[in-house]
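Have a look at the structure below before the remarks.
The values are calculated or read from the model by the stated rules, or taken from the named source; none is laboratory data. Quick caveat, the model's predicted, so the values are computed rather than measured. In this analysis, Cβ positions are derived from the backbone assuming ideal geometry, glycine residues included, and neighbour counts consider all displayed protein chains.
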Amino acid sequence: MRETVAKLKTTPEQILDLPEEDRNAAIERGELPIVLAHEVHKWYGNFHVLRGINMEVYKGEVIVIFGPSGSGKSTFIRTINRLEEYQKGKIIVDGTELSRDIRNIEKIRMETGMVFQQFNLFPHLTVMQNITLAPIHVRKWPKEKAEEVAMQLLKRVGIPEQADKYPGQLSGGQQQRVAIARALAMQPKIMLFDEPTSALDPEMIKEVLDVMIELAESGMTMLVVTHEMGFARAVANRMYFFDQGQIVESGTPEEIFSDPKEDRTKLFLSQILH
Amino acid sequence: MMNREPKQYSSGEVLAPPTERYTILGWLHKNLFSTWYYTLLTLVTLYILYAILKPTLIWIFTQAQWQVVVVNLRLFMVGQYPKDQLFRIWLALDLLAFTVGLAWALLLPKERRVGLVLLVIPLLLAALPFISSYSRINWILFAVIGFVGWAIGKWQPKRMRRPLIVLMLGYFPILILLISGFEPILKLVKTNYWGGLLLTMLLAVVGITLSFPLGILLALGRQSKLPIVKTFSILYIEMVRGVPLVTILFMAQLMLPLFLPPGLKIDNVLRAMAGMVLFAAAYMAENVRGGLQAIPKGQHEAAWALGLNGFQTMFYIILPQALRNVIPVIVGQFIALFKDTSLVAIVGLLDLLGIASTVLAQPEFIGRQREVYLFIALIYWVFSYAMSYASRRLEVALGVGER
């Protein structure tokens, strides 16, 4: 019988003990995971939110994380770029261990882009300024280069004509596409999506999903917290079902949808796939 | 009647919104006399206005003796500032006119009202009957230079951008240098010769300019994770807010010398300025803190997720939004600070209010309190209202993109 929760193939030491160049080359070739979470625990006060999360993501993979609200799935994805701290375990992103060291955190944040449920665009800046801010001040690109890249990205997400507007003048779907462009402008290796379509009106969900599907097909490594099962079926390499701070079950979309092993997975799927 | 069909609107048809039009009488009826109690209220209000305004206006135009203001106009404006050095104040004003003219052309091209302040009001002042011909010429010059600044800005908008920024940042130190002088080019004018509106304005400008950044630093300090910085900020803010400004001014005058080494003497005006700045900074800090707390956590997170560090997040993302949210409160505080400068009269400085009492002590003008105080009240009101009006325009201008 297939194990519902895959054991990790890699230990943190296997990555960290390698010299940095070999490490990066192995990650690039897909021999070592680009994201490794090893026995990650987190508490909010006395509440045990994450209870030993293990996950490996290889370069170019698309991972869908789903589960009931309060299951810790958003918290987990937010630990990957250290918007949340964790108290036990190890997370290694692109060969760099997440630690309290601010330099490591900043390095990892440069390599990961994040898209939020509430978009979190900067309302006092135009769309163009939203996108170019980080490349100019963090990557130290000249303004012209940043704007050129931003314009290409706006074309890619389909709204080049909105460059000079303010976020408040755009629809929710357009705002979320700007947020994706903003994250991509830093040329991240990994994209994190925290329920990107949950705050959208139904007719706008598709325009955002289309952008995400295009991104997945271009080979971007993506971790996506979502309940959009159509998206998962179309592009996910693997799916993880979270409940009560644990990974209850994982597998390919095929395995999860046609042959879920755990009762909790079956129940949850039956509730969201009417 | 019974079976009338509802009108069908075709999809392309656009109806204009219904317009309301009134005659003057119609407007009066709708707004002032629509019911018997509105009518009563209107009549009572009109009577009260009449009862107050009639004697006031009669007094202003027939009984009041404005000679006291006309004779002492220079005292009211600049105090004892030496007559042969007055050109320096005009120079500072001319530089201001040029800067504002330039800013008008480059930053606020659609704001016609700047022209009112820059051109119309100075020319009106120049036309006043009782001012000296020296002031008349200088007011005209002020308008001309303002216009020149505007014209240059229109003519070379790209090239003048950098000079404008330099002027805006450099104006404050240049102003202080011009007024106080620097040997050997400009003769030093000791602060005890500064007075009247000049001193009031300098106190306000120094207070506003320095308390603003200091207040922001204190607000950030109060939110800091470093315990020493945080404790110091909280202690400072809460202590200063617990003490009246007059007390702080007295302390600055009487206590400060005790803490300084014996040889070092700071003059009265500087002490008062320091007191005002330190006082205003504590209030400013609390206003800014309110603005900071109103920024959603998602803004911080989005900035961090992009790789911005703490300073960049604060400087580019949080502060601009926080400050914009508290513009009305901050301007309110600036206005309060401007009016509070009058308290320095209590510690013996000759600001507008201090000058008023010296003028009233002149034997030929004994008993002219009404004229004098009404005059300085008018000056305070004009500047306070101008600030309040500018703040409302600023809010509108900065409100772009917000719904």
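For the range B:32-46, the set of residues classified as more than 19 Å from B:Y22 (Cα to Cα) and either of a type in the set (A, V, I, L, M, F, W, C) or assigned to a loop (DSSP other than H, G, I, E, B) (or both) consists of B:W36, B:L40, B:L41, B:L43, B:V44, B:L46, listed by residue number. None of A:T112, A:T221, A:T197 is under 19 Å from A:I77 (Cα atoms) and free of Cβ contacts under 8 Å to residues at least 40 places away in the same chain except A:T197.
Would you pick out the residues in the range A:245-265 that are in a helix (DSSP H, G or I) and surrounded by 13 or more Cβ atoms within 10 Å (Cβ to Cβ)? Result: A:P253, A:E255, A:I256, A:F257, A:R264, A:T265. Taking the criterion of being in a helix (DSSP H, G or I), among the β-branched types (V, I, T) and crowded, with 18+ Cβ neighbours inside 10 Å, the residues of the range B:309-333 that qualify are B:T313, B:I317, B:I318, B:I330, B:V331. Evaluation of B:D340 against the conditions (1) outside the structural domain of B:L203 (by TED's automatic domain parsing); (2) closer than 30 Å to B:R222 by Cβ; (3) acidic (D, E) shows that the sole unmet condition is (1).
Taking each residue of the range B:53-68 that is surrounded by 13 or more Cβ atoms within 10 Å (Cβ to Cβ) and looking for partners that are among the acidic types (D, E) with beta-carbon atoms closer than 9 Å, six or more apart or interchain, yields B:A64/B:E371; B:W66/B:E371; B:Q67/B:E364; B:Q67/B:E371; B:V68/B:E364; B:V68/B:E371.
Answer yes or no: is there a residue in the range B:373-390 that is out of contact with any helix residue (DSSP H, G or I) (no Cβ under 6 Å at 6 or more places or on another chain), surrounded by fewer than 16 Cβ atoms within 10 Å (Cβ to Cβ) and either within 14 Å of another protein chain (Cβ to nearest Cβ) or not in a helix (DSSP H, G or I) (or both). For the range B:373-390, residues out of contact with any helix residue (DSSP H, G or I) (no Cβ under 6 Å at 6 or more places or on another chain), surrounded by fewer than 16 Cβ atoms within 10 Å (Cβ to Cβ) and either within 14 Å of another protein chain (Cβ to nearest Cβ) or not in a helix (DSSP H, G or I) (or both): absent.
Please pick out the residue among B:F142, B:F232, B:F147 that is surrounded by 15 or more Cβ atoms within 10 Å (Cβ to Cβ), touching an Asp or Glu at 6+ places or on another chain (Cβ under 7 Å) and either more than 22 Å from B:V347 (Cα to Cα) or β-branched (V, I, T) (or both). Only one candidate passes the filter, namely B:F142. Within the range B:309-327, the set of residues being among the hydrophobic types (A, V, I, L, M, F, W, C) and within 20 Å of the chain's Cα centre (by Cα) comprises B:L323, B:V326, B:I327. Counting only residues that are touching a Pro at 6+ places or on another chain (Cβ under 8 Å) and either aromatic (F, W, Y) or not in a helix (DSSP H, G or I) (or both), the range B:110-164 holds 2 of them.
So, in the range A:164-178, of the ones that are within 20 Å of B:Q321 (Cα to Cα) and without any contact (Cβ under 8 Å) to a residue 40 or more places away in the chain, which residue ends up farthest from the other protein chains (Cβ to nearest Cβ)? Checked the range A:164-178; the qualifying residue farthest from the other protein chains (Cβ to nearest Cβ) is A:D164.
The helices (runs of 4 or more DSSP H) located wholly in the range B:227-287 that include 1 or more residues which are touching a residue at least 60 places away in the same chain (Cβ under 8 Å) and of a type outside the set (S, T, Y) occupy B:245-250. Where helices (runs of 4 or more DSSP H) fall wholly inside the range A:69-140, the ranges with 1 or more residues that are touching a strand residue (DSSP E or B) at 6+ places or on another chain (Cβ under 7 Å) and more than 10 Å from chain B (Cβ to nearest Cβ) are A:73-80, A:102-111.
Take the residues of the range B:295-308 that are surrounded by fewer than 18 Cβ atoms within 10 Å (Cβ to Cβ) and more than 7 Å from chain A (Cβ to nearest Cβ): which is nearest to the chain's Cα centre (by Cα)?
Initially, the range B:295-308 is screened for residues surrounded by fewer than 18 Cβ atoms within 10 Å (Cβ to Cβ), giving B:295-298.
Narrowing further to those that are more than 7 Å from chain A (Cβ to nearest Cβ): B:295-297.
Numbers: B:I295: 27, B:P296: 30, B:K297: 33 Å.
Of everything passing the filter in the range B:295-308, B:I295 is nearest to the chain's Cα centre (by Cα).
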